[in-house]
Amino acid sequence: MSISVKALQKTGADQPFRVASIERRDPRPDDVVIDIRAAGICHSDIHTIRNEWGEAHFPLTVGHEIAGVVEAVGSDVTDWKVGDRVGVGCMVNSCGECEECRAGQEQNCLNGSVGTYNAEDVDGTITQGGYAQKVVVNERFVCRIPDALDFDVAAPLLCAGITTYAPLNRWGAAELKNGAPKQVAVLGLGGLGHMGVQIAAAMGSQVTVLSRTLKKEAAALELGAKRMLATTDENFFSDHAGEFDLILNTISADIPVNRYLGLLKPRGVMAVVGLPPEKQEFSFGAVIGGAKAIAGSNIGGIAETQEMLDFCAEHGIAAKIETIPVTEADAAYDRVVAGDVQFRVVIDTASFDDVEAIA
């Protein structure tokens, strides 16, 4: 029997959120039923449900930063039990058999991973996300939330945490270069950037935050950065040319890519995790000279997501958040877009109890 739950839903890109009753599938033998305690708001949710990345499947519930407690497990589930503290991120299924899945890179599944929302599931239905009371997920896509992390600060780690951890890990932010810590620049200090700063600093890098102004300098230093630089300073690009081993680009806006590549040392890397709607341009000469690289990164596999959660718990890293009731989601979206949030917004799903669902 399917499970009826309250969820935040939109019926169109220009429509407000409403609390509606949605159906979660009848749990399968390899499924886990999770009672959601906190659901983070990600900018990807906004892009998707506002049709900025293409036409969404409405009516739709978004949210892929999910933290909660196991309520029930299927008969074949062995790794999870009722009462476990768990989380679900950006994927809820993949083929499990291709080269990428076998390598623990389910996000790159050659047969197509299934997103937590707005994606076609294996049964042909459209996945519905975590702005809800409960979710039913295949056991392979559940992660354990360490006891050291509260649900509300852990939820954003399931997207923002792994999105920044994976490229920092891949490109060696924890490695020494000539016996010294690597110089890592984090471009942008928003929902992604504030996680990147904390993680890179905990890995041992010397972290610099790059932003248009110094308005968030105190926050940057508190998060673990050694300094903050204003990219609008007249001589910024010339004064800091060839200074960084790695730039983590977290912003979703049009930037002069060539000029930022000029900030890299020879063999330096710009890792891009922000996805602006505009096409970006850069010259091959900007990477050929100095043997530099520009690389994309898209979340991480389930094993690396668990590694990230454990790393954050060990190093006392958590998302900096504010919590809202379900009735304030629309206003929160506008504030996220306006950059008026430091640094993530998390929905308190207990507030569903205070609102009647639309039939």
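The values are calculated or read from the model by the stated rules, or taken from the named source; none is laboratory data. The shown structure was predicted, so the numbers you read here are calculated from the model rather than taken from an experiment. As a convention, Cβ positions derive from the backbone with ideal geometry for all residues, glycine included, and neighbour counts pool all protein chains shown. Note: accessible area is taken over every heavy atom of the protein model, side chains too, but ligands, DNA and RNA are not part of it. Shrake-Rupley method; radii C 1.70, N 1.55, O 1.52, S 1.80 Å.
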Please name all residue pairs, on different chains or six or more residues apart, with Cβ atoms under 6 Å, provided the first residue is in the range 183-207 and is without any contact (Cβ under 8 Å) to a residue 60 or more places away in the chain and surrounded by fewer than 24 Cβ atoms within 10 Å (Cβ to Cβ) and the second residue is hydrophobic (A, V, I, L, M, F, W, C) and outside any helix (DSSP H, G or I).
A201/V207; M203/A173; M203/A174; G204/A174
Those residues that are open to solvent by less than 30 Å² (accessible area, probe 1.4 Å) and of a type in the set (S, T, N, Q), I need them from the range 259-310; list them, please.
T305
Subset of the range 165-182 that is surrounded by 12 or more Cβ atoms within 10 Å (Cβ to Cβ) and of a type in the set (G, A, S) - its residue that is farthest from V207 (Cα to Cα):
A166
Mind listing whichever residues of the range 83-116 are touching a strand residue (DSSP E or B) at 6+ places or on another chain (Cβ under 8 Å) and either of a type in the set (K, R) or closer than 24 Å to D150 by Cα (or both)?
G83, D84, R85, V86, G87, V88, G89, C90, M91, V92, T116
